[in-house]
Amino acid sequence: MRFTKLLSIFLVFLLAAGLYWASFSLFKSQEIEKAQARLTLYRSTLETELRHFAHLPFLLSLDPVVTRTLAGGPTKPLDYRLARFAQSAGLDAIYLMDDAGDTISASNAKGPNSFKGQNYAFRPYFQAAQQGELGEFYGIGVTTGIPGYFYAMPVRPPETDLDGVIAIKIDLSAVQETWQASGERIILANNDGVVLLASDPDWRYKTMAQLSTQQRTRILTSRQFGSEHLNPLDWSFDNTRQTATVGQERLLYLSTSDLPNSWTLHFFVPGDQAVTRAWLVTGGFLTLALLLFSLAQVNRLRRVRSALQKSEREETELRSANARLAIEIEDRRAAQRNLQKTQAELERAGRLAALGQLASSVTHELGQPIAAMKNQLVASEMTV
């Protein structure tokens with residue numbers, strides 16, 4: 001019986017463990033599906049934010065005021081024009097550079113951190129624009145210290161040999177603030193693995209992996225991240241299980257590299273909800289098993305109690321029967337004694353009756369000779 005109980009308990013816990021892992025896998029897959037949908041939404045939102053102004057440098061490169069200013073015209077009208085464009089479009093800055101990279105007009109010309117007069121020939125976006133391409137670059141502003149995303153296009157005034165570059169700077173801080181407000185954990189990293197934006201400010205400008213010497217040299221040359229140390233982020237991931245450990249916290253992990261410039265969006269989701277739901281299911285199962293076990297024990301106790309009560313009744317009845325039997329035995333014994341006594345009396349009466357018969361026979365036998373003798377005597381006397 002004890003072995004059966006232990007085996008039953010073992011089977012219940014084995015079923016509970018299997019139920020936990022099955023339910024955890026189910027809830028984890030559901031959490032991953034929801035996280036995938038959220039990641040897709042964040043990716044599309046970020047891509048829309050990046051591409052929203054991608055056409056603007058090209059349009060500005062064709063603006064007559066821009067080309068006249070590059071050709072030697074006054075800069076103040078363009079400063080004013082660029083300031084209005086930047087304000088209406090919500091851009092951080094718009095500025096025009098000559099072929100040497102010197103800024104000749106800027107939307108923030110009247111500000112304390114004006115780009116005007118600054119040289120940005122070392123920036124990759126300027127170099128790409130000089131090659132006739134759309135320059136794209138993310139970095140910390142060397143003048144303002146504010147990070148942003150830069151677009152640049154070449155400007156070539158007609159009927160001149162002049163080359164210039166028109167650039168815009170987009171402030172992506174609103175995207176990061178939205179991530180922080182959502183309470184979710186997101187990282188945007190560039191193709192070098194440097195964190196550009198993050199929902200956790202402490203993650204920003206960390207690296208997803210160790211940078212090579214060539215990568216650090218290129219970053220320093222372009223002054224992309226200013227004086228940031230670019231230390232590695234304390235994290236590891238398991239693509240097979242779709243989990244990651246950030247610091248001491250284990251999280252569900254998804255990523256997508258379907259972004260411009262080979263950027264990667266990393267999305268982390270706490271796995272405790274799946275664990276909690278799995279434990280709730282397992283706890284429900286164990287509670288049900290315990291309830292069924294308790295009911296079985298109650299029924300068993302009821303049966304035992306009923307059996308005990310029946311046994312007590314039977315014992316009482318047996319005792320009563322024994323008592324009645326004892327009385328009957330005593331009555332039988334008394335009857336037996338009476339019978340024996342009666343038999344003895346009958347035997348004595350029989351012996352007396354036999355003795356009486358014997359005496360009667362003797363008397364009869366003796367009486368006849370005596371009577372004959374008496375008659376003889378009487379006859380003799382009469383004769384005389």
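The values are calculated or read from the model by the stated rules, or taken from the named source; none is laboratory data. Please read these numbers as outputs of a predicted model, since none were measured by experiment. Counting neighbours? That spans all protein chains shown, and the Cβs are built from the backbone with ideal geometry, glycine included. Protein only, heavy atoms only, side chains kept; ligands, DNA and RNA dropped before computing areas. Shrake-Rupley method; radii C 1.70, N 1.55, O 1.52, S 1.80 Å.
A few notes on this one:
Residues checked against (1) closer than 24 Å to D79 by Cα; (2) modelled with pLDDT of 90 or more; (3) of a type in the set (A, V, I, L, M):
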| residue | (1), (2), (3) |
| --- | --- |
| V155 | yes, yes, yes |
| T160 | yes, no, no |
| I168 | yes, yes, yes |
| E177 | no, yes, no |
| Q180 | no, yes, no |
| R185 | no, yes, no |
| L197 | no, yes, yes |
| A209 | no, yes, yes |
| S212 | no, yes, no |
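- In the range 53-77, residue nearest to T178 (Cα to Cα) [restricted to those that are open to solvent by 20 Å² or more (accessible area, probe 1.4 Å), free of Cβ contacts under 8 Å to residues at least 60 places away in the same chain and not in a helix (DSSP H, G or I)]: H55
- Looking only at residues in the range 163-176 that are closer than 24 Å to A189 by Cβ and among the hydrophobic types (A, V, I, L, M, F, W, C), the one that is most open to solvent (accessible area, probe 1.4 Å) is A174.
- Scanning the range 115-142 for residues that are more than 48 Å from the chain's Cα centre (by Cα) and closer than 24 Å to N261 by Cα yields Y120, A121, F122, F126, Q127, A128, A129, Q130, Q131, G132, E133.
- A search for C-beta distances below 6 Å between a residue of the range 109-136 that is more than 15 Å from D98 (Cβ to Cβ) and any residue that is among the charged types (D, E, K, R) and in a loop (DSSP other than H, G, I, E, B), counting only pairs 6+ apart in sequence or on different chains, returns A109/K116.
- Looking only at residues in the range 177-192 that are more than 29 Å from the chain's Cα centre (by Cα) and touching a residue at least 60 places away in the same chain (Cβ under 8 Å), the one that is most open to solvent (accessible area, probe 1.4 Å) is N191.
- Residue satisfying all of: in the range 228-257; of a type outside the set (D, E, K, R), at pLDDT 90 or above and not in a strand (DSSP E or B); surrounded by the most Cβ atoms within 10 Å (Cβ to Cβ) among these: L233
- Unmet requirement for F122, which otherwise passes all of (1) closer than 21 Å to H52 by Cβ; (2) touching a helix residue (DSSP H, G or I) at 6+ places or on another chain (Cβ under 7 Å): (1)
- Number of the exception - T282 against (1) open to solvent by 30 Å² or more (accessible area, probe 1.4 Å); (2) not in a strand (DSSP E or B): (1)
- Exclusive hit being of a type in the set (K, R) and over 28 Å from E47 (Cα atoms), set R277, R241: R277
- Scanning the range 145-162 for residues that are open to solvent by 40 Å² or more (accessible area, probe 1.4 Å) and farther than 15 Å from G101 by Cα yields G145, I146, P158, E159, T160, D161.
- Taking (1) open to solvent by less than 50 Å² (accessible area, probe 1.4 Å); (2) part of a helix (DSSP H, G or I); (3) hydrophobic (A, V, I, L, M, F, W, C) in turn, L14 satisfies each apart from (1).
- Some residue of the range 307-322 being within 30 Å of L7 (Cα to Cα), aliphatic (A, V, I, L, M), without any contact (Cβ under 8 Å) to a residue 40 or more places away in the chain and open to solvent by 90 Å² or more (accessible area, probe 1.4 Å): yes
- Residue list for the range 206-227, restricted to those being more than 18 Å from R185 (Cα to Cα), part of a loop (DSSP other than H, G, I, E, B), open to solvent by less than 80 Å² (accessible area, probe 1.4 Å) and touching a residue at least 40 places away in the same chain (Cβ under 8 Å): Q224, F225, G226
- Residue within the range 154-163 that is on the phi > 0 side of the Ramachandran plot and in contact (Cβ under 8 Å) with a residue 40 or more places away in the chain present: no
- Of residues in the range 78-114 being part of a helix (DSSP H, G or I) and of a type in the set (A, V, I, L, M), the one nearest to R68 (Cα to Cα): L78
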